[in-house]
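One structure is given here, and the rest of the page talks about it.
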Amino acid sequence: MHGNGDMAEVRPIRGDESPAQLEAFEQTIADDQTIEPRDWMPVAYREGLLRQIAQHAHSEIIGMQPEGNWITRAPSLRRKAILMAKVQDEAGHGAYLYSAAETLGADRADLVEMLIDGRQKYSSIFNYPTLTWADMGAIGWLVDGAAIVNQVPLTRCSYGPYARAMVRVCKEESFHQRQGFEILHTLSHGTEGQQAMAQDAVDRWWWPSLMMFGPPDDESVHSAQSMRWKVKRFSNDELRRRFVGMCVPQAEILGLTLPDPELQLDEESGEYRFGPIDWDEFWEVVKGNGPCNRRRIEHRRRAHEEGAWVREAAAAYAAKREATVAA
Ligand code: BYC
């Protein structure tokens, strides 16, 4: 058995767990094998995963709004086609993730309700407004870039369906990141006005992108357990540092500045040190008081209500087909 004494400290055994079941589960994790839907798993593992996967799915769906806002205003047919494809990919990512949540026994309709009535969260980043076309570049470069850094390790998550969904999501995210980089590259090598627009977008999206990785390690309530169960493979701060290290040379190629006077290479560790993150702002956004929280949820609720007839028609069609097959 894996026999890590720390685990018992973090997660007390609950009433429904026999020591033998728990031992087999811990052994599977220790052997780097995946846990599959049919396998026994502790309630806390199931609940923790559901919380994270649902939040992740909701983020993809809400994340369609800031960019969807620019589809009709894309500056060329090519840009419009690319942006539409990207936003559609995000709908697809939401769909894979809701499916992964269903393998844990969740009901998709319940999850959507929990998003709309604020019982479940979605990523803080999507509560900021997209003010100019350059924001499409900054979102692709920074937000999708942060998503890749966060999600590549999730392809090795201990829960099989989540890990497998992440493989495809990450492939698509790298295309998204490149398209954002390309938008910014074009603007930053364009007119003075375009350069200023690109710089302004990066100035506004930089700090919220760093916040995407979650609170600092000493305030992250779920990290310890999640890392022991190999859901998360790295801590919030480790991934945030990795992201900064990835962005600095790319910003140089773009000819854009990252808005942090304290950003500096630490020769000893080879990592970049960066200035303090405004965690008060982060928690305000998470609590629902960001610049766009209300608008995002209101829009989602309206879209859900307006789509009721599609769900009813699909259910009626499925019932009819089932009746035909049975007859
Ligand atoms: N925003 O203990 P912690 C995308 C919450 S989609 C809001 O560190 P954990 C994309 C956290 O939920 C991007 N809330 O939590 C889409 C917890 O509250 P609860 C989404 C946050 O889970 C379209 C509390 O703070 N990616 O990239 O160990 C277009 C304490 O945090 C945030 C994912 O969801 C936040 N940023 O670590 C473009 C990836 N951070 O639940 C791009 C999967 C933390 O106790 N998720 N909170 O009420 C994860 O990797 C982890 O859940 C996190 C947080 C790293 C986000």
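Mind jotting down the distance between the C-alpha centroids of the stretch 143-159 and the stretch 231-280, whole Å?
Each part reduced to its Cα centre gives a spacing of 17 Å.
How would you rank 239-248, 57-66, 99-108, highest first, on the average number of other Cβ atoms within 10 Å across their residues?
Sorting 239-248, 57-66, 99-108 by mean packing, highest first, produces 57-66, 239-248, 99-108.
Relative contact order, percent, of the chain when contacts are C-alpha pairs under 8 Å separated by at least 6 residues?
17 percent
If you bin every alpha carbon distance in the chain into 20 Å steps from zero, what whole percent lands in each bin?
29, 55, 16, 1
Of the lysine pairs in the chain, how many meet both conditions: Cα atoms under 24 Å apart, and a spacing of 8 or more in sequence or different chains?
The result is 9.
Would the stretch 104-160 count as rounded, prolate or oblate if I go by the C-alpha gyration tensor, calling it rounded below 1.5 in a/c and otherwise prolate when a/b exceeds b/c, oblate otherwise?
oblate
Using modelled amide H (1.01 Å from N, peptide plane; none on Pro or chain starts), what sits under 5 Å from the amide H of I35, excluding residues fewer than 5 places away?
Here the answer is Y159, G160, since their amide H atoms fall under 5 Å of that of I35.
Each reported figure results from applying straightforward, stated rules to the coordinates on display, with no laboratory input. Owing to the predicted nature of the structure, the values given are computational and were not obtained by experimental measurement. FYI the Cβ positions are ideal-geometry reconstructions off the backbone, even for glycines, and counts take in every protein chain you see.
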